[in-house]
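Okay, structure first, notes after.
The values are calculated or read from the model by the stated rules, or taken from the named source; none is laboratory data. Owing to the predicted nature of the structure, the values given are computational and were not obtained by experimental measurement. Neighbour counts are summed over all protein chains in view; Cβ atoms, including those assigned to glycine, are modelled from backbone coordinates with ideal geometry. Areas reflect the complete protein model, heavy atoms only, side chains present, ligands, DNA and RNA absent. Shrake-Rupley method; radii C 1.70, N 1.55, O 1.52, S 1.80 Å.
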Amino acid sequence: MSTHATTSRAPLVQATRLKVLLTRQQIAARVAEMGAEITRDFQGESLILVGVLKGASLFLGDLARNIALDATFDFLGVSSYGDGTQNSGEVRLTKDVDQSMEGRNVILVEDIFDTGLTLNYLKNVMLAHQPHALKIAALLDKPARRLQPIEVDYVGFQIPNEFVVGYGMDYAEHYRNLPDIRILPLEAFQAG
Ligand code: IMP
């Protein structure tokens with residue numbers, strides 16, 4: 001998911017002052033388990049991992065290295081977050097996949113699902129490509145604000161209703177490169 005927020009709107013809180021929700025060690029351990037599970041489920045077969053830009057890029061990279069099968073990569077681009085934190089309810093495809101998915105095993109790889117609107121939309125985009133099997137892997141599940149039910153096959157962690165950054169996830173394009181996942185206190189931003 002890309003954000004349309006401007007980088008100048010709010011002063012950034014120094015990353016080290018943000019509370020850690022999930023450490024890099026916790027993330028690595030869970031991603032290794034997810035990769036092992038996918039390897040078992042698709043034993044003897046090949047896969048296409050389809051990452052959702054840009055947030056899922058680090059997760060896809062780590063997940064892929066924990067999958068002991070022939071796997072190729074592709075990417076989808078979407079946008080919807082008007083101000084960087086609230087889903088506008090409108091999801092738009094900004095980039096489709098580059099290769100044919102027809103008859104292939106596809107895993108859609110997403111950083112986080114919240115309302116469920118994005119994954120539901122992307123699931124339909126992928127189904128239109130007529131894969132043999134379509135599974136969804138998401139690192140984080142934020143169930144508190146779900147608007148549309150969505151079945152996700154591989155979930156890393158369920159988290160509380162907090163806005164998180166790091167490990168690929170951003171606020172106005174910042175913080176993506178933090179190795180841990182941290183909580184951004186939105187009140188601090190919205191108050192100013
Ligand atoms: P949904 O459509 O509401 O399920 O939102 C999914 C998308 O919103 C994800 O792909 C993320 O890009 C973004 N998102 C949701 N919650 C967060 C968050 O806490 N931090 C960063 N991005 C988020």
**OP:** Would you point out the residue of the range 89-102, among those that are open to solvent by less than 50 Å² (accessible area, probe 1.4 Å) and more than 12 Å from the ligand (Cβ to nearest atom), that is nearest to residue 57 (Cα to Cα)?
**Re:** 97
Original post:
Filter the range 45-72 for residues that are of a type in the set (Gly, Ala, Ser) and touching a residue at least 12 places away in the same chain (Cβ under 8 Å); which is most open to solvent (accessible area, probe 1.4 Å)?
Top reply: 68
Original post:
Got a number for residues in the range 110-142 being within 13 Å of the ligand (Cβ to nearest atom), of a type in the set (Val, Ile, Thr) and in contact with a Leu (Cβ under 9 Å, 6 or more places away or on another chain)?
Top reply: 3
Subject >> Scope the range 134-145; condition touching a strand residue (DSSP E or B) at 6+ places or on another chain (Cβ under 8 Å) and more than 15 Å from residue 74 (Cβ to Cβ); matching residues >> reply: 138, 139, 140, 141, 142, 143
Original post:
Just for the range 81-98: of the residues that are at pLDDT below 65 and touching an Asp or Glu at 6+ places or on another chain (Cβ under 9 Å), which one is farthest from residue 12 (Cα to Cα)?
Top reply: 87
Original post:
Out of the range 109-133, which residues are polar (S, T, N, Q) and either in a helix (DSSP H, G or I) or within 15 Å of residue 80 (Cβ to Cβ) (or both)?
Top reply: 115, 118, 120, 124
Original post:
Looking at the range 142-186, which of the residues that are aliphatic (A, V, I, L, M) and not in a loop (DSSP other than H, G, I, E, B) is most open to solvent (accessible area, probe 1.4 Å)?
Top reply: 144
Original post:
So, of the residues in the range 143-164 that are in contact (Cβ under 8 Å) with a residue 24 or more places away in the chain and touching a helix residue (DSSP H, G or I) at 6+ places or on another chain (Cβ under 8 Å), which turns out to be farthest from the ligand (Cβ to nearest atom)?
Top reply: 154
